[in-house]
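Structure first, commentary second.
The values are calculated or read from the model by the stated rules, or taken from the named source; none is laboratory data. Given the structure is predicted, the values throughout are model-derived calculations rather than measurements. FYI the Cβ positions are ideal-geometry reconstructions off the backbone, even for glycines, and counts take in every protein chain you see. All accessible areas refer to the heavy atoms of the entire protein, side chains included, with ligands and DNA or RNA removed. Shrake-Rupley method; radii C 1.70, N 1.55, O 1.52, S 1.80 Å.
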Amino acid sequence: VLTWQQACGIDESHLTEISQNGSQSRLANIQVIKDLNTLLDSAKQQGHEITIISSFRSFERQLAIWNDKWMGHRPVFSRHGRPLNIDNMSDIERYKAIALWSALPGLSRHHWGTDFDIFSAHALKQGYQVELTPEEFSEKGICCELEKWLSENLSQYGFFRPYKNYNQGVAEEPWHISHKLTSTQIFETFDYKACKTHLASSEIKAKDFILDKLEHYQTQYFENFETE
Ligand SMILES: [Zn+2]
């Protein structure tokens, strides 16, 4: 189980580097490394080599992403990947548009080191530019074969996909996998109060509005995921 600082991405002592041949090193929770390597090795042996696109993200990194989107410095997309114009949006519309694809800093599962965004290594080797849209994992998508393999095999390696289907919260993210045992322990012991206090001391844009909405975020996004 993590301290609240580790669970909120402001302390990285629960992490270690994952060796991914050739590409830049990434961080993952020490407790999931063995299962992650078994998953990656088995997938590769069965012809479905996986590349990790994103793993651990710090509070500061998540804050920068969130604030950039809030300010319009980084594109915001609809559920189907269409770019949205947030200029004329109210605070609540803006919050909902961003929360669809980006977690509030402190409340991202990527802080835990148990969650990874993955993609077909084969597609990347061909020079394909990753978008991370549901279409890429659909029947005609570039990750179609990987999708089939994940559906049939992922759970036996101790992982699941919390955002496999859209349920009025986070968008459908078939590429997002999570280590079941470790992430469940972290989720169940999560300290919302400490997280809120830290968020209140941060540089988040529209802070008063966001702090007001935190309970809504908790139920609608943070606690709204599939467990199988
Ligand atoms: Zn993700």
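Identify all residues within the range 78-105 that are away from the ligand (no atom under 15 Å from the Cβ) and in contact with a strand residue (DSSP E or B) (Cβ under 7 Å, 6 or more places away or on another chain); write none if there are none. Listed by number, the residues that qualify are SER78, PRO83, LEU84, ILE86, ALA97.
Results for (1) part of a loop (DSSP other than H, G, I, E, B); (2) open to solvent by 60 Å² or more (accessible area, probe 1.4 Å), shown as yes or no for each residue.
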{"residue": "GLN5", "(1), (2)": "no, yes"}
{"residue": "GLN31", "(1), (2)": "no, yes"}
{"residue": "LEU40", "(1), (2)": "no, no"}
{"residue": "HIS48", "(1), (2)": "yes, no"}
{"residue": "ILE52", "(1), (2)": "no, no"}
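Condition test on ARG94, is it in a helix (DSSP H, G or I) and over 26 Å from THR114 (Cα atoms)? Criteria met by ARG94. Within the range 22-51, the only residue that satisfies the criterion of being within 16 Å of the ligand (Cβ to nearest atom) and either closer than 20 Å to VAL170 by Cα or small (Gly, Ala, Ser) (or both) is ALA28. Flag set for ALA103, criterion: assigned to a loop (DSSP other than H, G, I, E, B), open to solvent by 10 Å² or more (accessible area, probe 1.4 Å), within 25 Å of GLY9 (Cβ to Cβ) and touching a residue at least 24 places away in the same chain (Cβ under 8 Å).
Entry remark, the range 144-162: residues being free of Cβ contacts under 8 Å to residues at least 12 places away in the same chain and within 18 Å of the chain's Cα centre (by Cα) number 0 in total.
Looking only at residues that are of a type in the set (D, E, K, R) and part of a helix (DSSP H, G or I) in the range 186-196, which one is least open to solvent (accessible area, probe 1.4 Å)? The extreme case among them is LYS196.
Mind listing just one residue for me: the one in the range 156-185 that is away from the ligand (no atom under 13 Å from the Cβ), among the polar types (S, T, N, Q) and part of a helix (DSSP H, G or I) and, of those, most open to solvent (accessible area, probe 1.4 Å)? For the range 156-185, the residue satisfying everything is GLN156.
Among the residues making up the range 106-134, those that are within 14 Å of the ligand (Cβ to nearest atom), of a type outside the set (D, E, K, R) and part of a loop (DSSP other than H, G, I, E, B) are LEU107, SER108, TRP112, GLY113, THR114, VAL130, LEU132, THR133. Being within 14 Å of the ligand (Cβ to nearest atom), modelled with pLDDT of 95 or more and buried (at least 18 other Cβ atoms within 10 Å of the Cβ) is a condition met by at least one residue of the range 137-145.
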